[in-house]
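Okay, structure first, notes after.
The values are calculated or read from the model by the stated rules, or taken from the named source; none is laboratory data. Since we're looking at a predicted model, the values are computed, not measured. Cβ placement follows ideal geometry from the backbone for every residue including glycine, while neighbour counts extend to all protein chains displayed. Areas reflect the complete protein model, heavy atoms only, side chains present, ligands, DNA and RNA absent. Shrake-Rupley method; radii C 1.70, N 1.55, O 1.52, S 1.80 Å.
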Amino acid sequence: MGWAIDAYLLSIGREPRERFDYEDEPESFDDWPYRYRRDGECRSDEFALEDHRPDVRVSDAVPPEIGTPLVSVTLPGEGRAAGRPSAEDWLTAEAPFREDDVNRELLQRHGVVRPFFDDLDMRPDCPGIRGSSPAATLLGALTPARRLALLGHLEEMLSQVAEPGLPDVEAAVMPLAELMRHLGVGGVAQDPSSGWLPDADVVKLAEALGWGGGRQLALARGRVLVEFARESRMIRRYRGRVVATASMRRLVVAGRGTLDALAGLIGASTRDRYGYPLPRREAEIALALLAVADGSAAHLDAVTDRVEAGTQAFDPQGLFRDYRFDDIMATRTPDLSDADGEVRRVLDALSCMSAPGRFGVVTPAMREVARRALA
């Protein structure tokens with residue numbers, strides 16, 4: 001009966017009850033809250049959930065074959081049209097009934113008729129989403145009902161994609177083009193203390209982009225751009241000077257692959273940086289990318305609040321139950337001790353595509369880069 005409750009709750013977009021624990025079963029059949037009649041078809045008068053009281057009938061069925069789902073739901077009759085994805089916030093709206101998505105979720109929870117099944121580290125298999133993508137990690141981290149709601153949200157978002165025009169793409173790489181112009185052919189002499197661009201050059205660069213508003217603010221924003229270029233290996237040190245690399249010269253020429261190249265730089269996983277995945281950090285990165293990609297954040301300063309709200313939907317018994325890398329590495333690697341560190345790295349990278357005089361304002365090209373990095 002616990003499985004039937006799970007299936008019903010998911011079908012109406014609600015969170016299922018706690019995972020079915022066989023150790024908690026009462027020893028006596030008379031202690032069970034559900035009373036069954038023994039006439040082949042039975043009813044539960046206590047199947048009452050929140051504001052729903054469904055009419056439950058349990059009857060015999062043909063024994064399932066090996067490999068078929070233990071639990072699944074289906075609409076009665078021939079009509080199987082899925083509900084339209086809600087335009088509301090996926091974090092609060094009830095998930096629409098989408099039969100394939102609900103049954104995939106039930107498969108994750110209850111598995112199939114064994115023996116040919118291994119659910120170790122099984123993440124949701126979602127059409128159109130790469131299994132190694134940040135979106136897949138995020139889907140695996142959520143509670144079931146929020147996962148179903150996000151699937152509908154992602155489908156709606158991906159179906160409404162409008163490719164940015166060439167002027168938008170050129171604007172996205174313009175800050176990097178300005179940095180390359182500032183370096184020139186021979187580069188700029190290294191700062192004796194930092195080994196990279198002197199503060200005076202960094203301020204001059206930010207002011208040329210209209211990212212000023214005072215020397216300290218211009219210095220901070222200029223450093224973000226220089227640091228992104230350094231981490232992406234678009235600049236390097238050569239014989240006492242900071243020079244542009246060939247990859248920067250290729251990237252600043254806007255073309256068909258420019259947005260994909262930027263998405264690759266921004267969406268690098270923690271596996272690429274530390275040699276292994278940190279699931280919670282990658283799920284938080286996905287929340288940041290989603291807030292930009294779906295337009296829920298008009299400015300990068302608003303993304304952190306969206307990430308914090310999204311983490312409240314994480315399932316502590318889900319994706320993270322077999323991973324302790326986050327906690328272990330936070331004690332060994334300084335930049336992992338800050339929970340906002342990975343999100344800030346993504347936001348800094350996105351801010352390097354800001355338009356002149358509009359540092360941090362989300363642009364169409366920025367949204368498209370975030371979408372490509374997400375899925």
Check your understanding: So if we plug the beta-carbon distance of Arg241 and Thr311 into 1/(1 + (r/R0)^6) with R0 = 41 Å, what FRET efficiency do we get, rounded to 0.05?
Key -> 0.40
Point to revise | Solution diffusion estimate, µm²/s, Stokes-Einstein, segment 166-295, Kirkwood Rh from C-alpha pairs, 4 °C, viscosity 1.567 mPa s | key: 81
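Multiply the residue separation of Ala302 and Lys204 by 0.36 nm, subtract the distance between their alpha-carbon atoms, and state the gained length in nm to one decimal.
Separation in residues times 0.36 nm, less the Cα-Cα distance, equals 32.5 nm.
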Review point. Distance in nm between label sites at Leu219 and Val253, each 7 Å beyond Cα in the beta-carbon direction?
Key: 3.7
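Which length gain, in nm to one decimal place, applies between Ser72 and Asp191 when the Cα-Cα distance is subtracted from 0.36 nm times their residue separation?
Working it through step by step, the gained length comes to 36.4 nm.
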Practice item. May I ask you to compute the full-extension gain from Arg358 to His52, defined as 0.36 nm times their residue separation minus their alpha-carbon distance, rounded to one decimal in nm? Key: 105.2 nm
Review point. In what sequence, largest accessible area first, do Val253, Val161, Val62 appear using a 1.4 Å probe?
Key: Val62, Val253, Val161
